Ligand code: ATP
């Protein structure tokens, strides 16, 4: 193919006609060949924007120092150095360094988790190559490719439009203008502004309605989007309201501690006449003990690990605050088809004006036959006419793979119709050449039908239409009888048949046709509004997913109501709902009925309805609003471009990863990689578990700081020597928070998690109960440390051994308390709770080794002033830990016994 086309010659593709653009790109209306596309991919590179500039590793490491808490520690290091306390200086510096390294590693981990999620969200594009439609990764698009757009697509590269049909494109990503722009193929002025180039569709913009095809004129960084350097934000920064709350909390805490420390320092010198140097060391110890250095960083890791686990289970969280909202969801509104059902459709019944036929066989394999009243029936002209309509008014493709399995490309409803046509013996290829398609009105949930216009070789025009029976009946004036003649429509007969099919849980479609004038080449809504002839009704089975049945039950046990909102027939929806345990014994409400209710009345009836049928995206939006007005926290699923408002409005918008449009995914907080309802239930469970783990970690780590601060405050108030030196305090903080606490990030969800009611959305994290628990454990830890310290001194032992005991007592208490912390209210006195989390056991083992080194290794003894302990002393330490464990379990028992946890949670 001669010279390579230019990617962006002079940036005036909009000034060329479509034909010129195609020629310039050395392409044609049927697209590039596969080989040419591969070659161009080599030449131009992948169609992706360069990733945003990341900070290099060194800068990222340095950036870790940028933290108020670390600044405070660095100042402390400087002053201790000036005072000549070299040991303390080096321990403080070591602690700073360890914090920085941990922060660095954790940030990397969190970023990796998000990168993995980003790559799961990569979009696809429909292209014509060698005249055939292919769905490819949008990254593989090359200049010259012909891209087909439909409503809901995100434009994957810069396109010069070649054909358009009612195309409206929302270009906010590029121009900031959120009102959709109407597109056409006519070329514009070469100097037209970006927003006025009607014949172009730019990468990153969204198709809000209509269809089009266009030739790629720029890909990757050469697109307009690439040139303005905009990076489409797929996943938000790693933070949530809770994390921000905690970060703020620790910042305030730091300020308060600083003020307190300063006050203590001044008072101590002025009032008690203490030596400033000694007093300063006490203040450093207090500051170091009270600041929860590791808290925000480890909470980020808990969140990142949780989100990664969710992605592993097919729930991709696009906006991280959703993780917290998921845990408080009270209602899940789900689509039916594909989410609650398998979306493997098979036509089971065909009803014509004269007879009812059963169709055997399951799946897309064209194996099966037609039976009337149990007797085999050979396909006759009447059946073949129905099959022809089913086949021609159809965009799906069936293919047999190497292993002989039938693979469907396209909409499963249409796949079922193709299989029906094949079972009747139609030759699909020859039919397509006999009656080529001239135009089509694609299916949309709003109008619930699809129509196609065909012409045979002699020029006779024929319209085929299929859609929801109520809708199609309105368009029909006659019906086809067995002898091929058209008779007056018997609407009552068809309605009865439709209700009967629907009551069996079958999905309904009506097929109709009409002749069209030879010269008519375009199909508009007016052409099909009336005068059609009804051919048949088909009933399609789409069985519920087994796992969805279990997931619905699980949600209901967890106090979450499940509502089904579907475009399907009311009777079908009710029958399928009953199989899933949704809306059993309750009436189903249709979209039309919903429209008759005002907002107040709607809120009144909502609790009594679980199945909404023949509902459109606008109805979804109204339902979300009404439920939220009644105080519900709503998760809502959606896939179409028109579902975007409802998804945005819902507390947790859930988009389908497979059949969902890009528009829906952009609007959603969570994307389901497998379109499965069970995944939503799993995400709710995971959301609850993550929130639980965050709470558990806070409850675990704050008492460490609290206990140590109390010890230091005690020493200052009662003017005794410090039971813990600043260096020892930092040691404890590092060992307990960064080692032990991290184990809670790997905590599996609690068994009764999905038997609890949803968390109140505005529940404060640090509730009265939390404060109580933190204070109680802090006092116990401080009591153990001070008690053993004083006891040791009383026995006449050295200050060093008393301090070593105090350090070991605090750490031992934390080790035991880690077991308590595995459940906030539940007892941990069982095998599973004690041994169930490997991370807990591993970190405890590490912690014990560290403590032995602290106590016995000469270099550490040198730094920390520790000395070896006797067996009896160790036993005392162990006893302190056991006491804390017992008291904490006793407290939980009391809380459970008197049902206080319901209020406390
Ligand atoms: P859900 O909203 O739960 O996914 P659904 O798939 O049944 O449910 P829609 O896709 O809006 O909802 O379909 C509504 C109705 O439109 C169907 O019951 C069927 O009668 C008709 N229909 C569905 N797909 C097509 C299609 N490809 N062509 C023509 N009519 C269709």
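Bear in mind these aren't lab numbers, they're just calculated from the coordinates by the rules spelled out. Values in this document were obtained by computation on a predicted structure and should not be read as measured data. Cβ coordinates were reconstructed from backbone atoms using ideal geometry, including for glycine residues, and neighbour counts include every protein chain displayed.
For the chain, the longest principal axis of the Cα atoms and the long axis of helix 799-820 meet at an angle of about 30 degrees. Per the Cα gyration tensor, segment 482-531 maps to an equivalent ellipsoid with semi-axes of 28, 15, 10 Å, ordered largest to smallest. Of the peptides 654-663, 836-845, 151-160, 398-407, the ranking by mean beta-carbon count within 10 Å, highest at the top, reads 151-160, 654-663, 836-845, 398-407. The relative contact order of the chain comes to 11 percent, based on Cα pairs under 8 Å that sit 6 or more residues apart. Summary value for segment 770-871: 24 percent relative contact order, contacts being C-alpha pairs under 8 angstrom separated by 6+ residues. Protection proxy ranking, highest mean first, for peptides 252-259, 808-815: 808-815, 252-259, where packing is the per-residue count of other beta-carbon atoms within 10 Å, averaged. Helix 546-557 axis versus longest C-alpha principal axis of the chain: approximately 50°, rounded to the nearest ten.
Our estimate of slack between residue 771 and residue 98, defined as 0.36 nm per intervening residue step minus the Cα-Cα distance, is 239.4 nm. Packing, as the average of other Cβ atoms within 10 Å across residues, places the peptides 459-470, 602-613, 778-789 in the order 778-789, 459-470, 602-613, highest first.
When the Cα gyration tensor is reduced to axis lengths a ≥ b ≥ c, the ratio a/c is 1.5 or higher for segment 57-110, and with a/b above b/c it is classed as prolate. Per residue of the chain, the DSSP helices (runs of n ≥ 4 H) give a summed -39500 (n - 2.57) that works out to -15000 deg cm²/dmol at 222 nm. Helix 34-44 and the longest principal axis of the C-alpha atoms of the chain enclose an angle of approximately 40°. Taking every alpha-carbon pair under 8 Å whose residues sit at least 6 apart, segment 57-110 reaches a relative contact order of 40 percent. Give the percent of DSSP beta bridges with both residues in the chain that are antiparallel, rounded to the nearest 5. That works out to approximately 75 percent antiparallel.
Counting neighbouring Cβ atoms within 10 Å and putting the fewest first, the residues 178, 616, 438, 767 line up as 178, 767, 438, 616. Per the Kirkwood formula applied to alpha carbons, the chain shows a radius of gyration over Rh ratio, Rg over Rh, of 1.09.
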